[in-house]
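Reviewing the structure listed below.
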Amino acid sequence: MLTRELKDILYASGAVLVGVADMRNISSSPLPYGVCVALPIPVPIIREIEEGPTLSYWHTYNSLNTQLNEIVTKGADFLTVNNYKAISITTGYAQPDEQRRTPLPYKTVATQAGMGWIGKSCLLVTPEYGSAIRISALLTDAPLAYDTPILESRCGTCNLCKTHCPVQALTGTLWKAGMQREELFHSETCVDIIKKRMKELTGIEGTLCGKCFVVCPYTRRYVK
């Protein structure tokens, strides 16, 4: 009942995908359960960034983050009113360190919630939208009914993201839960070059690209 009520609130607030995770075996989680929510990137934006990031992608990216902050905050407020602990992991709460890491990545909650797996792109891949999504999460001690986690990649032999990466930052390694980021992705190689590329194309200081998720077969299925 509680899980259904919470999901109804999250969907009514705009979430398109919602999953519940058992976080009790995740040492970086301060609370035993997690809820991940997702919003898809609109199809017209995906089509226009096939050749590189655009200003409208930048604005959409930030707009989706704002919407997600509002959604998880509403979910956390609902749980708090019902006398449970809850933390909304908004973009303000989950600040990355110098290595662009957060203590508890959204992707960890998402895979534990069975929403998708980590692709060779080092991004979450969902069956419904590929990696053309933005995600957020909340944590709680409420005894929610959790979903079955996905603990290994379903990318198989596909290497399109690796092949099309404009900076060759992807290793093409199949993910398994617990794997280190460096086994999949050379972060510094990506960030340094993408910053320059985005500045040239949009005039904005940022690190958006999108090429790896644009070519993903799961994203292409969503676009079509």
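I135 satisfies every condition listed in (1) among the β-branched types (V, I, T); (2) part of a loop (DSSP other than H, G, I, E, B); (3) modelled with pLDDT of 95 or more except (2). Within the span defined as region 65-73, every residue fails to be touching a helix residue (DSSP H, G or I) at 6+ places or on another chain (Cβ under 7 Å) and within 19 Å of I194 (Cα to Cα).
Limited to region 18-36, what total is found for residues that are farther than 16 Å from S88 by Cα and small (G, A, S)? Result for region 18-36: 1. So for region 23-32 (the condition being in contact with a Pro (Cβ under 7 Å, 6 or more places away or on another chain) and open to solvent by 80 Å² or more (accessible area, probe 1.4 Å)), does at least one residue qualify? Yes, the conditions are met somewhere in region 23-32.
Working only within region 4-17, note down all residues that are in contact with a strand residue (DSSP E or B) (Cβ under 9 Å, 6 or more places away or on another chain) and open to solvent by 20 Å² or more (accessible area, probe 1.4 Å). Listed by number, the residues that qualify are K7, Y11, S13, G14, V16, L17.
Okay, residues lined up against (1) more than 18 Å from the chain's Cα centre (by Cα); (2) open to solvent by less than 60 Å² (accessible area, probe 1.4 Å); (3) on the phi < 0 side of the Ramachandran plot; (4) free of Cβ contacts under 8 Å to residues at least 60 places away in the same chain:
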| residue | (1), (2), (3), (4) |
| --- | --- |
| G178 | no, no, no, yes |
| E183 | yes, no, yes, yes |
| I193 | yes, no, yes, yes |
| R197 | yes, no, yes, no |
| L201 | yes, no, yes, no |
| E205 | yes, no, yes, yes |
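Within region 16-129, which helices (runs of 4 or more DSSP H) (wholly inside it) include 3 or more residues that are of a type in the set (A, V, I, L, M, F, W, C)? Correct list: 43-48, 55-81.
From the list T157, T111, T148, which residue is surrounded by fewer than 18 Cβ atoms within 10 Å (Cβ to Cβ), over 24 Å from V191 (Cα atoms), of a type in the set (S, T, Y) and in contact (Cβ under 8 Å) with a residue 12 or more places away in the chain? Give the steps one after another, and end with the answer.
Values: T157 fails: in contact (Cβ under 8 Å) with a residue 12 or more places away in the chain; T111 fails: surrounded by fewer than 18 Cβ atoms within 10 Å (Cβ to Cβ).
Just a single option satisfies the conditions, and that option is T148.
Scanning region 175-200 for residues that are in contact with a Leu (Cβ under 9 Å, 6 or more places away or on another chain) and among the aliphatic types (A, V, I, L, M) gives A177, L184, I194, M198. May I ask you to verify whether P143 is under 18 Å from the mean Cα position of the chain (by Cα) and either in a helix (DSSP H, G or I) or closer than 21 Å to I26 by Cα (or both)? Taking the combined requirement at face value, the residue does not satisfy it.
The values are calculated or read from the model by the stated rules, or taken from the named source; none is laboratory data. This one's a predicted model, so the numbers in the text were calculated from it and none came from an experiment. All Cβ positions, even for glycine, are placed from backbone atoms using ideal geometry, and neighbour counts span all protein chains on display. For accessibility, only protein heavy atoms count, side chains too; no ligands or nucleic acids. Shrake-Rupley method; radii C 1.70, N 1.55, O 1.52, S 1.80 Å.
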